[in-house]
1. Would you mind ranking K58, K26 by Cβ crowding within 10 Å, fewest neighbours first?
2. Taking amide H positions as placed in the peptide plane 1.01 Å from N, state which residues far from N4 in sequence (5 or more) or on other chains have amide H under 5 Å from it.
3. What order, most packed first, do the peptides 110-122, 41-53 have when packing is the mean number of other Cβ atoms within 10 Å of each residue?
4. Treat every Asp and Glu Cβ in the range 119-170 as -1 and every Lys and Arg Cβ as +1, leave all other atoms uncharged, and give the resulting dipole magnitude about the Cα centre to the nearest 20 debye.
5. Run the simple label-point estimate for T75 and N106 please: 7 Å along Cα→C-beta, distance reported in nm.
6. Rounding to the nearest 20 debye, state how big the charge dipole of the chain is about its Cα centre with +1 on each Lys and Arg Cβ and -1 on each Asp and Glu Cβ.
7. In nm, to one decimal, how far is the modelled label at F13 from the one at I93, with both set 7 Å along Cα→Cβ?
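We did not get these values from a lab; they are worked out from the coordinates using the rules stated. Remember, it's a predicted structure, so these values are computed and weren't measured experimentally. Neighbour counts are summed over all protein chains in view; Cβ atoms, including those assigned to glycine, are modelled from backbone coordinates with ideal geometry.
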Amino acid sequence: MNHNCQYCGAKNFLNETHFLCCHSGKVVLPPFSSYPPLMVDLMTGNHIDCALNQNFFKHLRNYNACLSFASFIATIDPPSNRGPPCFRISGQIMHRIGNLRHQQGNPPAYCQLYVYDPNTALNFRMEQNDCCIRELMELLQAIINQENPYALAFKNMAEVEDAEIIFCRL
């Protein structure tokens, strides 16, 4: 990527079609809000605790997967030539979320973990990801619970469901 779009500053390859990023300046997105300081430190490798930084990068997929709200489903199409590795998808891409509450006998996963209190959710996440550092998982989980509107929505849905169950019993 050796060329910046003159309108939005997106990085492109020189021969890449430039209107795909911002349609030649016709699409203007609001700027990102500031990132939580912990995320900035981790992503730039500047966290004060080197062990946390190293574990974060080494097991980034584990942290990402266990804190996500949905699973990703696609047909992966392997490259047909001997070129550089790439991730090719054919057909539809779907994000699947399960029921609000997990089924008996199956551990909760994805969005289901956001209806639990943070300690219980952390315990479930750590059971599946023993390579991750508990302290770091707890910090990342807290950021999502504070900053992500979907985390709050799932928590609210669980509270509404609980209230409805109590109302039905009366």
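1. Taking fewest neighbouring Cβ atoms as first place, the list is K26, K58.
2. The list, which skips near neighbours in sequence, is N12.
3. Descending packing order for the listed peptides: 110-122, 41-53.
4. For the range 119-170, the charge dipole is close to 20 debye.
5. Label-label distance for T75 and N106, simple model: 2.4 nm.
6. 640 debye
7. So the two model labels end up 1.8 nm from each other.
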